[in-house]
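A quick write-up on the structure given underneath.
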Amino acid sequence: MSIAQTKADAATPPVGTYRAAVVHDFHSPLVVEQVSPPELQPNQIRVKVEASGLCHTDIHAAHGDWPIKPSPPFIPGHEGVGVVVERGSEINEVEIGDRVGMPWLGYACGTCDYCVSGWETLCLQQENMGYSIDGGFGEYATAFGRYVVKVPDAVDSFDAAPLTCAGVTTYKAVKVAGTRSSDLVAVFGVGGLGHLAIQYAAIAGGRVVAVDLVDEKLELARDLGAEFTVNASRENPAEAIQRLGGADQAIALAVSPRAFEQAYGSLRRGGTLVFVALPADNNITVLNGITIVGSIVGTRTDVREVFELHEAGKTKVIREIRPLEEVNQAIDDVNAGRVAARVVFQL
Ligand SMILES: [Zn+2]
Ligand SMILES: [Zn+2]
(Lines give C-alpha, C1' and ligand atoms only; values in the text may rest on other atoms or scores of the structure.)
(Ligands and ions follow the chains in the order given, each with its own letter.)
Protein backbone atom coordinates (compact mmCIF):
# COMPACT_ATOMS: atom_id res chain seq x y z
CA MET A 1 0.00 0.00 0.00
CA SER A 2 1.39 3.39 -0.98
CA ILE A 3 1.60 6.31 1.45
CA ALA A 4 -0.78 8.29 -0.79
CA GLN A 5 -3.35 5.53 -0.55
CA THR A 6 -3.04 5.23 3.23
CA LYS A 7 -3.66 8.96 3.45
CA ALA A 8 -6.64 8.83 1.12
CA ASP A 9 -8.20 5.96 3.03
CA ALA A 10 -7.60 7.70 6.35
CA ALA A 11 -9.46 10.76 5.03
CA THR A 12 -12.50 8.66 4.20
CA PRO A 13 -15.65 9.82 5.98
CA PRO A 14 -17.59 7.04 7.70
CA VAL A 15 -20.89 6.26 5.98
CA GLY A 16 -23.95 5.72 8.14
CA THR A 17 -27.34 4.47 7.01
CA TYR A 18 -28.63 6.03 3.82
CA ARG A 19 -31.73 6.35 1.68
CA ALA A 20 -32.31 3.83 -1.13
CA ALA A 21 -35.17 2.46 -3.24
CA VAL A 22 -35.45 -1.22 -2.35
CA VAL A 23 -37.25 -4.12 -4.06
CA HIS A 24 -38.66 -6.36 -1.32
CA ASP A 25 -40.70 -8.61 -3.58
CA PHE A 26 -41.50 -8.77 -7.28
CA HIS A 27 -45.19 -7.95 -6.88
CA SER A 28 -44.97 -4.83 -4.70
CA PRO A 29 -43.81 -1.27 -5.39
CA LEU A 30 -40.27 -0.27 -4.42
CA VAL A 31 -39.84 1.12 -0.91
CA VAL A 32 -37.66 4.19 -0.30
CA GLU A 33 -36.10 3.52 3.12
CA GLN A 34 -32.92 3.74 5.19
CA VAL A 35 -30.41 0.93 4.55
CA SER A 36 -27.07 0.03 6.14
CA PRO A 37 -23.86 0.29 4.12
CA PRO A 38 -22.41 -3.12 3.18
CA GLU A 39 -18.85 -3.78 4.30
CA LEU A 40 -16.30 -2.87 1.65
CA GLN A 41 -14.27 -5.71 0.12
CA PRO A 42 -10.59 -5.00 -0.66
CA ASN A 43 -11.36 -4.65 -4.40
CA GLN A 44 -14.42 -2.43 -3.93
CA ILE A 45 -15.12 1.28 -3.66
CA ARG A 46 -17.94 3.23 -2.07
CA VAL A 47 -19.56 5.90 -4.22
CA LYS A 48 -21.74 8.82 -3.13
CA VAL A 49 -24.35 8.69 -5.88
CA GLU A 50 -25.38 11.95 -7.57
CA ALA A 51 -27.55 10.69 -10.43
CA SER A 52 -29.03 7.35 -11.46
CA GLY A 53 -31.00 6.67 -14.65
CA LEU A 54 -34.08 4.47 -14.87
CA CYS A 55 -33.67 1.76 -17.53
CA HIS A 56 -36.26 -0.79 -18.69
CA THR A 57 -33.98 -3.48 -17.27
CA ASP A 58 -34.50 -1.99 -13.78
CA ILE A 59 -38.24 -2.43 -14.24
CA HIS A 60 -37.75 -6.05 -15.36
CA ALA A 61 -35.46 -6.61 -12.36
CA ALA A 62 -38.00 -5.11 -9.93
CA HIS A 63 -40.73 -7.36 -11.37
CA GLY A 64 -38.56 -10.50 -11.61
CA ASP A 65 -39.44 -10.83 -15.30
CA TRP A 66 -36.38 -12.79 -16.41
CA PRO A 67 -35.53 -16.48 -15.83
CA ILE A 68 -32.46 -15.68 -13.71
CA LYS A 69 -33.94 -13.44 -11.04
CA PRO A 70 -32.24 -11.12 -8.57
CA SER A 71 -32.78 -12.02 -4.91
CA PRO A 72 -34.82 -9.48 -2.90
CA PRO A 73 -34.20 -7.36 -1.02
CA PHE A 74 -32.05 -5.54 -3.58
CA ILE A 75 -31.46 -2.03 -4.92
CA PRO A 76 -31.85 -1.56 -8.71
CA GLY A 77 -29.92 0.90 -10.87
CA HIS A 78 -27.12 0.40 -13.41
CA GLU A 79 -26.79 4.01 -14.56
CA GLY A 80 -25.45 5.32 -11.26
CA VAL A 81 -22.93 8.17 -11.31
CA GLY A 82 -21.22 9.63 -8.27
CA VAL A 83 -18.04 10.44 -6.38
CA VAL A 84 -15.67 7.88 -4.83
CA VAL A 85 -15.66 8.38 -1.04
CA GLU A 86 -14.01 5.18 0.19
CA ARG A 87 -11.69 2.58 -1.31
CA GLY A 88 -10.81 -0.97 -0.38
CA SER A 89 -7.16 -1.76 0.41
CA GLU A 90 -6.42 -3.19 -3.08
CA ILE A 91 -7.85 -0.33 -5.11
CA ASN A 92 -5.50 1.63 -7.33
CA GLU A 93 -7.77 2.23 -10.32
CA VAL A 94 -9.52 5.29 -8.90
CA GLU A 95 -8.83 7.99 -6.32
CA ILE A 96 -11.05 9.40 -3.59
CA GLY A 97 -12.97 12.26 -5.20
CA ASP A 98 -13.04 10.76 -8.71
CA ARG A 99 -16.45 10.84 -10.35
CA VAL A 100 -17.39 7.47 -11.87
CA GLY A 101 -20.17 5.68 -13.73
CA MET A 102 -21.29 2.25 -12.45
CA PRO A 103 -22.52 0.29 -15.48
CA TRP A 104 -24.49 -2.95 -15.84
CA LEU A 105 -21.25 -4.93 -16.09
CA GLY A 106 -20.35 -4.56 -12.43
CA TYR A 107 -17.78 -7.34 -12.32
CA ALA A 108 -16.19 -9.88 -14.67
CA CYS A 109 -13.54 -12.51 -13.96
CA GLY A 110 -10.86 -10.83 -16.08
CA THR A 111 -9.22 -14.10 -17.13
CA CYS A 112 -11.68 -16.19 -19.19
CA ASP A 113 -11.55 -16.30 -23.02
CA TYR A 114 -14.29 -13.66 -23.24
CA CYS A 115 -12.64 -11.29 -20.80
CA VAL A 116 -9.21 -11.45 -22.43
CA SER A 117 -10.57 -11.07 -25.99
CA GLY A 118 -12.49 -7.85 -25.42
CA TRP A 119 -15.84 -9.55 -24.80
CA GLU A 120 -16.02 -9.14 -21.03
CA THR A 121 -19.74 -8.46 -21.47
CA LEU A 122 -20.12 -12.20 -22.25
CA CYS A 123 -18.17 -13.40 -19.16
CA LEU A 124 -20.07 -16.23 -17.47
CA GLN A 125 -18.95 -15.09 -14.03
CA GLN A 126 -20.16 -11.52 -14.45
CA GLU A 127 -22.05 -9.65 -11.76
CA ASN A 128 -24.48 -6.92 -12.67
CA MET A 129 -25.16 -3.59 -10.97
CA GLY A 130 -28.71 -3.27 -9.71
CA TYR A 131 -29.26 -6.99 -10.21
CA SER A 132 -26.78 -9.28 -8.46
CA ILE A 133 -25.01 -6.28 -6.86
CA ASP A 134 -26.99 -3.45 -5.23
CA GLY A 135 -27.18 -0.58 -7.69
CA GLY A 136 -27.45 3.17 -8.02
CA PHE A 137 -30.94 3.81 -6.59
CA GLY A 138 -29.41 4.85 -3.28
CA GLU A 139 -27.44 7.73 -1.82
CA TYR A 140 -24.42 5.42 -1.76
CA ALA A 141 -23.44 2.36 -3.78
CA THR A 142 -20.64 -0.17 -3.55
CA ALA A 143 -18.87 -1.16 -6.78
CA PHE A 144 -15.84 -3.16 -7.92
CA GLY A 145 -13.12 -0.57 -8.55
CA ARG A 146 -11.91 -2.20 -11.75
CA TYR A 147 -15.32 -2.04 -13.43
CA VAL A 148 -16.33 1.57 -12.88
CA VAL A 149 -15.51 4.16 -15.53
CA LYS A 150 -14.28 7.68 -14.78
CA VAL A 151 -16.52 10.49 -15.97
CA PRO A 152 -14.71 13.41 -17.66
CA ASP A 153 -15.09 16.76 -15.81
CA ALA A 154 -16.97 18.34 -18.70
CA VAL A 155 -19.71 15.69 -18.63
CA ASP A 156 -22.62 16.48 -16.32
CA SER A 157 -23.66 13.64 -13.95
CA PHE A 158 -27.26 13.76 -15.21
CA ASP A 159 -26.00 13.24 -18.76
CA ALA A 160 -23.42 10.65 -17.70
CA ALA A 161 -26.12 8.50 -16.05
CA PRO A 162 -28.10 7.65 -19.22
CA LEU A 163 -24.83 7.36 -21.18
CA THR A 164 -23.69 4.61 -18.76
CA CYS A 165 -26.33 2.17 -20.09
CA ALA A 166 -28.55 3.66 -22.82
CA GLY A 167 -25.53 5.37 -24.38
CA VAL A 168 -23.10 2.50 -24.29
CA THR A 169 -25.73 -0.05 -25.36
CA THR A 170 -26.66 1.86 -28.51
CA TYR A 171 -23.07 2.91 -29.21
CA LYS A 172 -22.09 -0.76 -29.14
CA ALA A 173 -25.07 -1.73 -31.29
CA VAL A 174 -23.95 0.72 -33.98
CA LYS A 175 -20.38 -0.61 -33.65
CA VAL A 176 -21.62 -4.20 -34.02
CA ALA A 177 -23.83 -3.15 -36.96
CA GLY A 178 -20.70 -1.94 -38.72
CA THR A 179 -22.29 1.32 -39.93
CA ARG A 180 -20.16 3.15 -42.50
CA SER A 181 -20.62 6.45 -44.29
CA SER A 182 -23.58 6.41 -46.71
CA ASP A 183 -25.25 3.39 -45.05
CA LEU A 184 -28.97 3.72 -44.40
CA VAL A 185 -29.61 2.85 -40.74
CA ALA A 186 -33.14 2.16 -39.50
CA VAL A 187 -33.67 2.74 -35.78
CA PHE A 188 -36.86 1.10 -34.46
CA GLY A 189 -38.03 2.82 -31.28
CA VAL A 190 -37.15 6.40 -30.30
CA GLY A 191 -36.85 6.59 -26.51
CA GLY A 192 -34.16 6.31 -23.87
CA LEU A 193 -32.10 4.07 -26.17
CA GLY A 194 -33.31 5.19 -29.58
CA HIS A 195 -32.60 8.90 -29.17
CA LEU A 196 -28.96 8.01 -28.61
CA ALA A 197 -28.81 5.26 -31.29
CA ILE A 198 -29.84 7.86 -33.89
CA GLN A 199 -26.95 10.11 -32.88
CA TYR A 200 -24.34 7.33 -32.88
CA ALA A 201 -25.49 6.09 -36.30
CA ALA A 202 -25.22 9.66 -37.62
CA ILE A 203 -21.76 10.14 -36.04
CA ALA A 204 -20.66 6.93 -37.83
CA GLY A 205 -21.71 8.57 -41.10
CA GLY A 206 -24.99 6.75 -41.60
CA ARG A 207 -28.18 8.28 -42.94
CA VAL A 208 -30.82 7.54 -40.33
CA VAL A 209 -34.47 6.59 -40.65
CA ALA A 210 -36.28 6.56 -37.29
CA VAL A 211 -39.44 4.53 -36.67
CA ASP A 212 -41.87 5.07 -33.81
CA LEU A 213 -45.60 5.26 -33.11
CA VAL A 214 -45.56 8.76 -31.57
CA ASP A 215 -45.19 11.93 -33.67
CA GLU A 216 -43.45 13.93 -30.90
CA LYS A 217 -40.79 11.24 -30.63
CA LEU A 218 -40.25 11.36 -34.39
CA GLU A 219 -39.88 15.13 -34.16
CA LEU A 220 -37.22 14.61 -31.49
CA ALA A 221 -35.55 12.07 -33.79
CA ARG A 222 -35.34 14.66 -36.57
CA ASP A 223 -33.86 17.23 -34.15
CA LEU A 224 -31.19 14.69 -33.22
CA GLY A 225 -30.14 13.91 -36.79
CA ALA A 226 -32.63 11.47 -38.36
CA GLU A 227 -33.02 12.32 -42.04
CA PHE A 228 -36.22 10.29 -42.47
CA THR A 229 -38.97 9.26 -40.07
CA VAL A 230 -41.80 6.74 -40.30
CA ASN A 231 -44.84 6.67 -38.02
CA ALA A 232 -45.56 2.93 -37.81
CA SER A 233 -49.13 3.58 -36.66
CA ARG A 234 -49.94 5.13 -40.03
CA GLU A 235 -47.54 3.49 -42.45
CA ASN A 236 -45.88 0.10 -42.87
CA PRO A 237 -42.26 0.90 -41.96
CA ALA A 238 -40.82 -2.05 -43.91
CA GLU A 239 -42.46 -0.82 -47.11
CA ALA A 240 -41.54 2.82 -46.44
CA ILE A 241 -37.89 1.93 -45.85
CA GLN A 242 -37.77 -0.38 -48.87
CA ARG A 243 -38.89 2.61 -50.95
CA LEU A 244 -35.72 4.38 -49.69
CA GLY A 245 -33.71 1.43 -51.03
CA GLY A 246 -33.81 -0.72 -47.91
CA ALA A 247 -31.75 -0.36 -44.75
CA ASP A 248 -28.14 -1.54 -44.62
CA GLN A 249 -28.59 -1.96 -40.89
CA ALA A 250 -31.67 -2.06 -38.71
CA ILE A 251 -31.35 -1.63 -34.97
CA ALA A 252 -34.33 -3.11 -33.10
CA LEU A 253 -34.87 -1.37 -29.77
CA ALA A 254 -38.63 -1.88 -29.39
CA VAL A 255 -39.43 -5.27 -27.89
CA SER A 256 -42.67 -6.16 -29.69
CA PRO A 257 -42.40 -9.14 -32.10
CA ARG A 258 -44.14 -6.94 -34.68
CA ALA A 259 -41.37 -4.32 -34.50
CA PHE A 260 -38.88 -7.13 -35.01
CA GLU A 261 -40.58 -8.37 -38.14
CA GLN A 262 -40.77 -4.83 -39.45
CA ALA A 263 -37.08 -4.25 -38.74
CA TYR A 264 -36.24 -7.45 -40.61
CA GLY A 265 -38.53 -6.47 -43.48
CA SER A 266 -36.88 -3.05 -43.78
CA LEU A 267 -33.46 -4.49 -44.68
CA ARG A 268 -31.91 -4.62 -48.11
CA ARG A 269 -30.16 -7.84 -49.19
CA GLY A 270 -26.91 -8.34 -47.34
CA GLY A 271 -28.18 -6.15 -44.51
CA THR A 272 -27.61 -6.57 -40.81
CA LEU A 273 -30.26 -6.75 -38.11
CA VAL A 274 -29.04 -5.89 -34.63
CA PHE A 275 -31.14 -7.02 -31.68
CA VAL A 276 -30.67 -5.08 -28.50
CA ALA A 277 -33.76 -6.43 -26.79
CA LEU A 278 -35.10 -9.84 -27.68
CA PRO A 279 -38.82 -10.58 -27.40
CA ALA A 280 -39.81 -13.91 -25.86
CA ASP A 281 -40.95 -15.54 -29.08
CA ASN A 282 -39.74 -14.64 -32.51
CA ASN A 283 -39.35 -16.93 -35.49
CA ILE A 284 -37.43 -15.00 -38.05
CA THR A 285 -35.81 -17.06 -40.79
CA VAL A 286 -32.40 -16.17 -42.13
CA LEU A 287 -32.87 -15.31 -45.80
CA ASN A 288 -31.28 -13.05 -48.39
CA GLY A 289 -27.82 -13.15 -46.83
CA ILE A 290 -28.99 -11.16 -43.87
CA THR A 291 -26.85 -11.15 -40.75
CA ILE A 292 -28.61 -11.18 -37.40
CA VAL A 293 -26.56 -10.19 -34.39
CA GLY A 294 -27.38 -9.68 -30.76
CA SER A 295 -25.69 -6.88 -28.88
CA ILE A 296 -25.59 -6.59 -25.09
CA VAL A 297 -24.44 -3.38 -23.36
CA GLY A 298 -20.72 -2.63 -23.92
CA THR A 299 -17.26 -2.90 -22.39
CA ARG A 300 -15.49 -0.36 -20.19
CA THR A 301 -13.74 0.86 -23.33
CA ASP A 302 -17.12 1.46 -24.97
CA VAL A 303 -18.28 3.45 -21.93
CA ARG A 304 -15.11 5.59 -22.09
CA GLU A 305 -15.68 6.25 -25.78
CA VAL A 306 -19.29 7.24 -25.11
CA PHE A 307 -18.15 9.74 -22.45
CA GLU A 308 -15.49 11.09 -24.85
CA LEU A 309 -18.04 11.69 -27.58
CA HIS A 310 -20.26 13.54 -25.14
CA GLU A 311 -17.33 15.57 -23.83
CA ALA A 312 -16.58 16.53 -27.44
CA GLY A 313 -20.13 17.86 -27.72
CA LYS A 314 -21.22 15.28 -30.28
CA THR A 315 -24.20 13.84 -28.40
CA LYS A 316 -27.18 15.27 -26.57
CA VAL A 317 -28.88 13.41 -23.72
CA ILE A 318 -32.63 13.92 -23.36
CA ARG A 319 -33.57 13.32 -19.74
CA GLU A 320 -35.90 14.53 -17.01
CA ILE A 321 -34.63 14.75 -13.44
CA ARG A 322 -36.83 13.44 -10.61
CA PRO A 323 -36.40 12.75 -6.88
CA LEU A 324 -35.87 9.09 -5.90
CA GLU A 325 -39.15 9.22 -3.94
CA GLU A 326 -40.98 9.22 -7.29
CA VAL A 327 -39.46 5.89 -8.34
CA ASN A 328 -42.78 4.02 -8.58
CA GLN A 329 -44.52 6.85 -10.45
CA ALA A 330 -41.54 7.00 -12.83
CA ILE A 331 -41.84 3.25 -13.53
CA ASP A 332 -45.55 3.72 -14.34
CA ASP A 333 -44.74 6.66 -16.61
CA VAL A 334 -42.04 4.73 -18.49
CA ASN A 335 -44.35 1.74 -18.93
CA ALA A 336 -47.14 4.01 -20.19
CA GLY A 337 -44.82 5.73 -22.67
CA ARG A 338 -45.20 9.10 -20.93
CA VAL A 339 -41.45 9.75 -20.81
CA ALA A 340 -39.77 11.33 -23.86
CA ALA A 341 -36.47 9.55 -23.34
CA ARG A 342 -34.89 8.97 -19.93
CA VAL A 343 -35.76 9.57 -16.27
CA VAL A 344 -32.73 10.26 -14.06
CA PHE A 345 -33.08 10.23 -10.29
CA GLN A 346 -31.36 12.88 -8.22
CA LEU A 347 -29.93 11.42 -5.02
ZN1 LIG B 1 -30.00 -0.50 -18.97
ZN1 LIG C 1 -14.52 -13.58 -17.63
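The values are calculated or read from the model by the stated rules, or taken from the named source; none is laboratory data. Since we're looking at a predicted model, the values are computed, not measured. Virtual Cβ from ideal backbone geometry, glycine too; neighbours counted across all protein chains shown. Note: accessible area is taken over every heavy atom of the protein model, side chains too, but ligands, DNA and RNA are not part of it. Shrake-Rupley method; radii C 1.70, N 1.55, O 1.52, S 1.80 Å.
Here are the numbers:
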| read-out | value |
| --- | --- |
| Inter-site label distance for Val15 and Glu90 at 7 Å from Cα along Cβ, in nm | 1.9 |
| Sites Ser71 and Lys316, calculated FRET efficiency, Cβ-Cβ separation with R0 51 Å, nearest 0.05 | 0.85 |
| Segment Glu308-Ile203, length gained on full extension (0.36 nm per residue, minus Cα span) | 36.5 nm |
| Rg/Rh (Cα only; Kirkwood hydrodynamic radius) as it applies to the range 187-239 | 0.94 |
| Euclidean distance of C-alpha centroids, the range 94-117 and the range 59-83, integer Å | 18 |
| Environment charge of Lys175, counting only residues whose C-beta is closer than 12 Å and scoring Lys/Arg +1, Asp/Glu -1 | 0 |
| For the chain, alpha-carbon Rg over 2.2 N^0.38 Å | 1.00 |
| Gain in span if fully extended, Asp153 to Trp119, counting 0.36 nm per residue against the direct Cα distance | 9.5 nm |
| The range 303-342 versus the range 168-246: alpha-carbon centroid distance in Å | 18 |
| Probe 1.4 Å - accessible area at Val35, Å² to nearest ten | 20 |
| Protein-only accessible surface order, largest first, of Arg46, Arg180, Arg268, Arg19 at 1.4 Å | Arg180, Arg268, Arg19, Arg46 |
| Packing-based ranking, highest mean first, of 233-244, 52-63 given that Cβ atoms within 10 Å are counted | 52-63, 233-244 |
| Cα Rg over Rh - the range 8-125, Kirkwood | 0.98 |
| P(r), alpha carbons of the range 69-210 - 10 Å bins starting at zero, rounded % | 12, 34, 35, 17, 3, 0 |
| Whole-number Å³ per residue for the convex hull built on Cα positions in the range 156-315 | 103 |
| Mean ellipticity per residue at 222 nm, deg cm²/dmol - from DSSP H runs of n ≥ 4 across the chain, formula -39500 (n - 2.57) | -7500 deg cm²/dmol |
| Area accessible to solvent at Lys48, 1.4 Å probe radius, in Å² | 90 |
| Label-point separation, Glu239 to Asn328 (7 Å along Cα→Cβ), nm | 4.5 |
| Heavy-atom accessible area ranking, 1.4 Å probe, most first, across Trp104, Trp66 | Trp66, Trp104 |
| Residues of type lysines that Lys217 reaches as a straight line, Cα spacing below 29 Å, ignoring anything fewer than 8 places off in the same chain | Lys172, Lys175, Lys314, Lys316 |
